[in-house]
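A.B. asks: Submitted below is the structure of interest, expressed as structure tokens.
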Amino acid sequence: MANPVRFAFTQQSQPQLEFVIELTDEKTISHARRILSGEERNEVHVHGRIIKRAADYNPRFSFHLDPNTIRFFAMAIEVCDANMTYVEDHLDEAGGAFLPGGHWCPWDSKLTREIT
């Protein structure tokens, strides 16, 4: 387990908003850094399981992603796609028919920076 490293992503549908994730797995951290450097061009979108409580590093939202579940993908099923504001507004429904199992995979997510 690596020291936690935080990254921010935006969505094309809401470019003015940033969502912050925390990564704790060295392999996933390296993958995120390859995305930012432009070396990784396929598996670049964020996927993870929602935890329905705020995290101090992501104060804009009342949920965050479980660091142990975060991975990057090229393609995913439609049922886990939503923009961050919609997830926030419908958080009470997440985990049921909306975002089954609490899996969130915003198709238009784009990693924008490492937070130092």
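A.B. asks: Restricting to the range 36-51, give me the number of residues that are loosely packed, with under 15 Cβ neighbours inside 10 Å and not in a helix (DSSP H, G or I).
C.D. replies: Number of matching residues: 6.
A.B. asks: Right, next: Kindly list the number of the only condition in (1) among the aliphatic types (A, V, I, L, M); (2) closer than 26 Å to residue 116 by Cβ; (3) touching a helix residue (DSSP H, G or I) at 6+ places or on another chain (Cβ under 8 Å) that fails for residue 35.
C.D. replies: Exception for residue 35: condition (3).
A.B. asks: Identify all residues within the range 1-11 that are at pLDDT 95 or above and more than 13 Å from the chain's Cα centre (by Cα); write none if there are none.
C.D. replies: 4, 5
A.B. asks: Out of the residues in the range 25-35 that are touching a residue at least 12 places away in the same chain (Cβ under 8 Å) and either within 11 Å of the chain's Cα centre (by Cα) or surrounded by 14 or more Cβ atoms within 10 Å (Cβ to Cβ) (or both), which is farthest from residue 2 (Cα to Cα)?
C.D. replies: Start the filter on the range 25-35 by keeping residues that are touching a residue at least 12 places away in the same chain (Cβ under 8 Å), which leaves 25-26, 28-29, 31-33, 35.
Retained after the next criterion (residues that are either within 11 Å of the chain's Cα centre (by Cα) or surrounded by 14 or more Cβ atoms within 10 Å (Cβ to Cβ) (or both)): 25, 28-29, 31-33, 35.
On the way: 25: 6, 28: 10, 29: 9, 31: 13, 32: 14, 33: 14, 35: 18 Å.
Here the answer is 35.
A.B. asks: For the range 86-111, how many residues are surrounded by 14 or more Cβ atoms within 10 Å (Cβ to Cβ) and either among the hydrophobic types (A, V, I, L, M, F, W, C) or not in a loop (DSSP other than H, G, I, E, B) (or both)?
C.D. replies: Quick first cut of the range 86-111, residues surrounded by 14 or more Cβ atoms within 10 Å (Cβ to Cβ) only: 86-88, 91, 94-95, 98-99, 102-111.
Still in the running and either among the hydrophobic types (A, V, I, L, M, F, W, C) or not in a loop (DSSP other than H, G, I, E, B) (or both): 86-88, 91, 94-95, 98-99, 103-105, 107, 109-111.
The total comes to 15.
A.B. asks: Turning to a different aspect of this structure: Looking at the range 12-35, can you tell me whether even one residue there is of a type in the set (Gly, Ala, Ser), part of a loop (DSSP other than H, G, I, E, B) and modelled with pLDDT under 95?
C.D. replies: Filtering the range 12-35 down to residues of a type in the set (Gly, Ala, Ser) leaves 13, 30, 32.
This time we only want the ones that are part of a loop (DSSP other than H, G, I, E, B), so: 13.
Now restrict to residues that are modelled with pLDDT under 95: 13.
Among the residues of the range 12-35, at least one is of a type in the set (Gly, Ala, Ser), part of a loop (DSSP other than H, G, I, E, B) and modelled with pLDDT under 95, which makes the answer yes.
A.B. asks: Hey, could you check the range 67-83 for residues that are out of contact with any Pro (no Cβ under 7 Å at 6 or more places or on another chain) and among the aliphatic types (A, V, I, L, M) and say which is modelled with the lowest pLDDT?
C.D. replies: 77
A.B. asks: Look at residue 22 and say whether it is closer than 19 Å to residue 102 by Cα, among the charged types (D, E, K, R) and within 14 Å of the chain's Cα centre (by Cα).
C.D. replies: Values: closer than 19 Å to residue 102 by Cα: yes; among the charged types (D, E, K, R): yes; within 14 Å of the chain's Cα centre (by Cα): yes.
So residue 22 fits the description; yes.
A.B. asks: Just need a number here: residues in the range 57-83 that are closer than 19 Å to residue 115 by Cβ and part of a loop (DSSP other than H, G, I, E, B).
C.D. replies: Residues that pass the stated criteria total 8.
A.B. asks: Would you confirm whether any residue within the range 53-71 is touching a residue at least 60 places away in the same chain (Cβ under 8 Å), among the β-branched types (Val, Ile, Thr) and crowded, with 19+ Cβ neighbours inside 10 Å?
C.D. replies: no
The values are calculated or read from the model by the stated rules, or taken from the named source; none is laboratory data. Owing to the predicted nature of the structure, the values given are computational and were not obtained by experimental measurement. Cβ atoms come from the backbone with ideal geometry, glycine included; neighbour counts cover every protein chain shown.
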